[in-house]
Structures are given as C-alpha cells and as structure tokens.
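Structure, as structure tokens:
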Amino acid sequence: IANGSIIPLPTWDLDEDFDAWLAPGYLTVLSVNGTISLIMHFLVFWLIAFKTPKEMKDYRLFLLNISVISFIHDIQLTVYWRPVPFFPIPGAFVQGPSRIIGNIGGHWGMVLSIVL
C-alpha cells in the first residue's frame, strides 16, 4: 500500500489491457473516413456556394458556417489529433502530429475537439 493509502494503486499493463495490433487498422479506417469526408465537404461547399437559390441567402450563410466548422473538426480529428482509444478504459493515445507538441499535445487536441 503506497503513500499510506488503504486502496492499492492500479497497475496498467498496456500489453495485457490493449491490443496494440488494432491501432494500425484503426488508423487506416480513420484515414479512409477522413479522405471521404474531405471530398464530401468540398462537394457540400460547392453546392452551398453555387446551387443554393438567391432567396435563401441568409440560410446559405448558416449552412456554410456549419459546413466550415464541420470541416475544421474533421481535419482536426483525422489529421491533427488521430486518437486511438483504449476500449475498456475511457481514454485514448494520440497518433497524429499533435504528439510532436509534447505531453500536452493530445490534451490540446481534445480541447479543440470539444470547443469546435
């Protein structure tokens, strides 16, 4: 019992608790999903910009705003952050470029995801 606590500290062994072989497949699915999403976003931008009737000017701006925020969130999730979840545990580790920032990069990726 550490530090005078009567509750033993949990010990996590990632080799036993998480199947590391799942991460490459998950990242491939995330990349394919992100690619399809980006293509669809450009189609949506084109449809909103050029195919929306003139009578719907205010609504067109609303749709464009929602689409841009969704586009930014998809880029952030599939390119910048790229989280790989620990299935039974509510957590994830970062595989994207945000890990270059340091130990806090994954945290800021999560904060950006929540804010957007």
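Segment 2-82 holds helices (runs of 4 or more DSSP H) entirely within its bounds, and those carrying 1 or more residues that are under 13 Å from the mean Cα position of the chain (by Cα) and either at pLDDT 85 or above or of a type in the set (A, V, I, L, M) (or both) map to 22-51, 57-75. In segment 58-69, the residues that are over 11 Å from His41 (Cα atoms) reach residues that are of a type in the set (S, T, N, Q) and surrounded by 12 or more Cβ atoms within 10 Å (Cβ to Cβ) with C-beta atoms within less than 6 angstrom, at least six apart or across chains, in these pairs: Arg60/Thr52. Of all the residues in segment 37-78, those that are surrounded by 12 or more Cβ atoms within 10 Å (Cβ to Cβ), within 25 Å of Gly106 (Cβ to Cβ) and not polar (S, T, N, Q) number 9.
The values are calculated or read from the model by the stated rules, or taken from the named source; none is laboratory data. Since the structure is predicted, the reported quantities are computational estimates derived from the model, not experimental observations. Quick reminder, even Gly has a Cβ in these numbers, built from the backbone with ideal geometry, and neighbours come from all protein chains shown.
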